[in-house]
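S.K.: Attaching a single structure in structure tokens format; questions to follow.
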Amino acid sequence: MEDFVDVVISRHMLNELKPLRPVLKAWVEAVLRYCRIQGFEDAPWYFNERANISLLAGAAWTLKNWAALEEFSTKKRGRQEDQKDRNGRCDLYLCSRNHHFAFEAKLAWQTIGGADDRSGVHRELKRAWDDAGELDIEEGDSRIAATFVVPRLTKVNAMLPVAEVRQIVEDWIESRPFDFKGRRMSPTPDALAYVFPGKFEGFVGARNGHLFPGVVLALYVRKRARKGVQKTPRPEKGSVYGKG
């Protein structure tokens, strides 16, 4: 079976996020590379958000004009309007000479092929959104809330023929589980990338027999809420969602 992969950027964010397209494509390749090296018996989405962030950072380093920093110290805005800025960490910073993106990331799980409970996904989308809002308004040209969403199939569904499993995955993506309307938040992801290797039969949990066939990366851009604040330049720093 062929790999089921794609990178989709919303039309309304094409100008802002188009520079990220090669990084997202490189992330797809990095995920597939890891799976191939592991003989399709281990996958990066089994682990926590840090493990998944590392592949996105690593993908940037495979490109000639991109670089990345993970989990670095920075200033964050107070959680309340009247609170002072505080010391904190940013999950990921991706940059080329002309583009700078700061990320806050979360990891979510959702059982598919049966009950459609999206509360866990929506909770992590909201957490990533809130964390991105705490980044300083000058932390990158764009502040991005990133959520890695991992679908899982129960043991019963995991035993279905591979074509039926793939159809469950495709139907799940078509159902738009990543849509989430929050305060100042676009109702659909500003960008979406996903990786479902064609050889996925080995991605089965040892304890419960659940199948984890792939991963989706949903991105929402957190716009600056403060009025009258201008970005300081960085002179020395070198599908169903509508394809752009």
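S.K.: Out of 78, 114, 120, 39, which single residue is closer than 30 Å to residue 158 by Cα, at pLDDT below 90 and loosely packed, with under 15 Cβ neighbours inside 10 Å?
M.R.: Testing whether each residue is closer than 30 Å to residue 158 by Cα, at pLDDT below 90 and loosely packed, with under 15 Cβ neighbours inside 10 Å leaves just 114.
S.K.: Moving to a separate point now. Check 45, 66 and return the single one that is of a type in the set (Phe, Trp, Tyr), surrounded by 13 or more Cβ atoms within 10 Å (Cβ to Cβ) and touching a Phe, Trp or Tyr at 6+ places or on another chain (Cβ under 8 Å).
M.R.: 45
S.K.: Would a scan of the stretch 141-150 turn up a residue that is of a type in the set (S, T, N, Q), in a loop (DSSP other than H, G, I, E, B) and farther than 23 Å from residue 31 by Cα?
M.R.: The answer is no, given that none of the residues of the stretch 141-150 is of a type in the set (S, T, N, Q), in a loop (DSSP other than H, G, I, E, B) and farther than 23 Å from residue 31 by Cα.
S.K.: Within the stretch 108-129, track down each residue that is assigned to a helix (DSSP H, G or I) and either aromatic (Phe, Trp, Tyr) or closer than 22 Å to residue 53 by Cα (or both).
M.R.: Those that are assigned to a helix (DSSP H, G or I) and either aromatic (Phe, Trp, Tyr) or closer than 22 Å to residue 53 by Cα (or both): 120, 121, 122, 123, 124, 125, 126, 127, 128, 129.
S.K.: Residues being farther than 11 Å from residue 145 by Cα and not in a loop (DSSP other than H, G, I, E, B): count how many of those fall in the stretch 91-106.
M.R.: Within the stretch 91-106, residues that are farther than 11 Å from residue 145 by Cα and not in a loop (DSSP other than H, G, I, E, B) number 4.
S.K.: Restricting attention to the stretch 136-173, which residues are farther than 19 Å from residue 52 by Cβ, among the hydrophobic types (A, V, I, L, M, F, W, C) and touching a Ser or Thr at 6+ places or on another chain (Cβ under 8 Å)?
M.R.: 153
S.K.: So, one more: Can you say whether residue 229 is modelled with pLDDT under 50, closer than 22 Å to residue 108 by Cα and loosely packed, with under 13 Cβ neighbours inside 10 Å, as far as the supplied structure shows?
M.R.: no
S.K.: Another question about this same structure. So residue 35 passes all but one of these: (1) of a type in the set (A, V, I, L, M, F, W, C); (2) under 21 Å from residue 178 (Cβ atoms); (3) outside any loop (DSSP other than H, G, I, E, B). Which condition number does it fail?
M.R.: (2)
S.K.: A further question on this structure: Can you tell me which residue in the stretch 139-155 is nearest to residue 120 (Cα to Cα), limited to those that are surrounded by fewer than 24 Cβ atoms within 10 Å (Cβ to Cβ) and of a type in the set (Ser, Thr, Tyr)?
M.R.: For the stretch 139-155, the residue satisfying everything is 154.
S.K.: What's the number of the condition residue 12 fails, among (1) in a helix (DSSP H, G or I); (2) more than 24 Å from residue 186 (Cα to Cα); (3) not aromatic (Phe, Trp, Tyr)?
M.R.: Going through the list (1) in a helix (DSSP H, G or I); (2) more than 24 Å from residue 186 (Cα to Cα); (3) not aromatic (Phe, Trp, Tyr), residue 12 breaks only (2).
The values are calculated or read from the model by the stated rules, or taken from the named source; none is laboratory data. Owing to the predicted nature of the structure, the values given are computational and were not obtained by experimental measurement. Counting neighbours? That spans all protein chains shown, and the Cβs are built from the backbone with ideal geometry, glycine included.
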